[in-house]
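Asks: Below: one structure in structure tokens.
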Amino acid sequence: MNVTMVSGPVLGAILKLTLAVAFIGIASSTIFLIMTLVAAVRYRRQAKRAQAEARSVPVSSLPPVAILKPIHNMEAELEQNLESFFLQDYPDYEIIFGARDSENPALQVAERVLARHPEIKSQVILSGPPTWPNAKVFSLEKMIAATDRSYFVISDSDVRVAPDFLRNTIPPLLNEKIGLVTCMYRGVPASDFWSSLEALGLSVEMSSGVMVADMLEGMRFALGPAMTTRRDAIDAIGGIAVTADYYSDDFELGNRIWAKGYKVTLSHHIAKNVLTPRSALRTLGDQLRWMKSTRYSRPAGHLGTGLTFAMPFGVLGFVSAAGLGHWRLGISLLAVAFVNRMIQSVVVGWGIAKDPRSAALCWLYPLRDLAGFLIWVGSYTSRRFFWRGETYVFRKGGRIMPEHRQAKSAVGETY
């Protein structure tokens, strides 16, 4: 049999099949873009109303708040990030820092900021070596026990907020039906190229997915960088310890509070997530970790995410059509995908997340979309990931276990 004669028809059939897949992907990503645009209009409308409602709450009605701030290692602009929480336009709040030990260099930065603001009540809690899988939640448990306040802010150390953050995110919790308020965030890049791509992903890709999820089913999860909640909501789920077996403790907290009958609300306030310069390999590893966590926390939604990307199908369509001799069709498919992602970058990143880079670098976002797809594919590989200086393994149901540290389930689970 002549191999050359067979390869031609076979190759043609393969190219036609991949072209069909490209058309499906272009269609699905276009539908996702339309859904994103509708969700963005909805979010803007609700945000205006929510901001007016928050501002209408008298200062005398605002409850005392405890800001819980776990810190681990040095990060870019850490001092400015922490100080933004000391500059809140809010009548009564305290800040509680949590660290493993007094030798933590980030704690020294926190103490400098603390010393500059003696007018703000603050304290430092040293948790000691963690015995639970999630070291951050181990620290949070001790921080919550150190205050008698009933309204909490839980926020990462790489987050920076505006002075009206508390004024906008605490008032919704005065409604006893609302158990948690969570914020989207825009990426603030370091000086390197990979950080720029990552920041675009935070401002555009993450915000798009959250708004669409909120539109379709309501918020059933929380975003870790900045969220506010109440003690009764945390007590209702069995305490913060029930999230300590998971990497996605923020998702678990929001989902469990929602499951208890409380409402989880997406705030109109946009926080900033300040990125630290890292190598390309480290940046890839961090993004793979986040993608893997979504794979375990929302498996069905994560699988469907593959159809929301545009550029992989644009490239596939270009290669397939060109291979079949339809160059114009191939270029058209690639152009449609490219413009699709540029529109998303401008509308969501600039229009919603207020990130000016998303407009100025909208031509770069298609590359981020392509990279995001490859990371999504990679999320279905190894169960191992590196986090906070330790190697972990994902277990059943999204639970985690450190490989080189003794840890046990915070709630007695066996897995």
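Read the figures in this text as sums done on the coordinates, not as results from a lab. Source: prediction; values computed, not measured. Every residue, glycine as well, gets a Cβ built from its backbone with ideal geometry; the counts of neighbours run over all protein chains shown.
Asks: Looking at the chain, send over the antiparallel percent of its DSSP beta bridges, to the nearest 5. Each step should come with its number before you reach the end.
Replies: Values: 19 of 43 bridges.
If I count the DSSP bridges inside the chain, around 45 percent turn out antiparallel.
Asks: 5 Å is the cut-off here: which amide hydrogens, built 1.01 Å from N in the peptide plane, fall below it relative to ALA222, excluding neighbours closer than 5 in sequence?
Replies: Those lying under 5 Å, H to H, from ALA222 are PHE251, GLY254, ASN255.
Asks: Quickly estimate the mean residue ellipticity at 222 nm for the chain, helices only: each DSSP H run with n ≥ 4 gives -39500 (n - 2.57), and the total goes over all residues, rounded to 500.
Replies: So the helix-based figure for the chain works out to -15000 deg cm²/dmol.
Asks: Using a Gaussian network model on the chain with a 10 Å cutoff between Cα atoms, which of ILE331, ILE154, ILE343 fluctuates the most?
Replies: Result: ILE331 has the largest fluctuation of those listed.
Asks: Which order results if THR30, THR305, THR36, THR229 are arranged by neighbouring Cβ count within 10 Å, fewest first?
Replies: Ordered by Cβ neighbours within 10 Å, fewest first: THR30, THR305, THR36, THR229.
Asks: Are any of the pairs LYS136/LYS263; LYS177/LYS260; LYS48/LYS136; LYS142/LYS272; LYS142/LYS396; LYS136/LYS272 more than 22 Å apart by Cα-Cα distance, and if so, which? Don't jump to the answer; show the numbers that get you there.
Replies: On the way: LYS136/LYS263 25 Å; LYS177/LYS260 11 Å; LYS48/LYS136 34 Å; LYS142/LYS272 26 Å; LYS142/LYS396 27 Å; LYS136/LYS272 20 Å.
Result: LYS136/LYS263; LYS48/LYS136; LYS142/LYS272; LYS142/LYS396 exceed 22 Å.
Asks: Take the alpha carbon atoms of region 108-169, find their center, do the same for region 279-309, and report the distance between the two centers in whole angstrom.
Replies: Between the Cα centres of region 108-169 and region 279-309 lies a distance of 28 Å.
Asks: Please identify, among GLY325, GLY317, GLY301, the residue showing maximal mean-square fluctuation in a Gaussian network model of the chain using a 10 angstrom Cα cutoff.
Replies: Greatest mean-square fluctuation among the candidates belongs to GLY325.
Asks: From the backbone phi of region 316-321, what are the Karplus-calculated ³J(HN,Hα) couplings (6.51 cos²θ - 1.76 cosθ + 1.60, θ = phi - 60°) in whole Hz, Gly and Pro given as x?
Replies: 4, x, 5, 5, 5, 5
Asks: Checking the a/c ratio against 1.5 first, then a/b against b/c, what shape does the Cα gyration tensor give for region 234-303? Mind showing how you got there, number by number?
Replies: On the way: a/c = 2.04, a/b = 1.63, b/c = 1.25.
Verdict is prolate for region 234-303.
Asks: If you wrap region 296-391's Cα atoms in a convex hull and average its projection over all directions, what's the area in nm²?
Replies: Average projection, Cα convex hull of region 296-391: 8.4 nm².
Asks: Go through region 212-220 residue by residue and turn each phi into a ³J(HN,Hα) via Karplus (6.51, -1.76, 1.60, θ = phi - 60°); whole Hz please, and just put x for glycine and proline.
Replies: Karplus-based 3J(HN,Hα) across region 212-220 equals 5, 4, 4, 5, 7, 9, x, 6, 10 Hz.
Asks: Short version: ³J(HN,Hα) in whole Hz for each residue of region 287-303, in order, from phi by Karplus 6.51 cos²θ - 1.76 cosθ + 1.60 (θ = phi - 60°), x for Gly and Pro, what are they?
Replies: Each residue of region 287-303 in turn: 5, 5, 4, 5, 5, 5, 5, 5, 4, 8, 7, 9, x, 5, x, 5, 4 Hz.
Asks: Something else: Can you tell me which of TYR380, TYR246, TYR365 moves the most in a GNM of the chain? Springs connect C-alpha atoms under 10 Å apart.
Replies: TYR380
Asks: Give me PHE138, PHE23, PHE193, PHE165 ranked fewest to most by other Cβ atoms within 10 Å of their Cβ, as a rough exposure proxy.
Replies: Values: PHE138 23, PHE23 16, PHE193 12, PHE165 27.
The fewest-first ordering by Cβ neighbours comes to PHE193, PHE23, PHE138, PHE165.
Asks: Would you list LEU126, LEU303, LEU364, LEU200 from fewest to most Cβ contacts within 10 Å?
Replies: LEU303, LEU126, LEU364, LEU200
Asks: Per residue and in Å³, how big is the convex hull formed by the alpha-carbon atoms of the chain?
Replies: Cα-based convex hull of the chain, divided per residue, equals 153 Å³.
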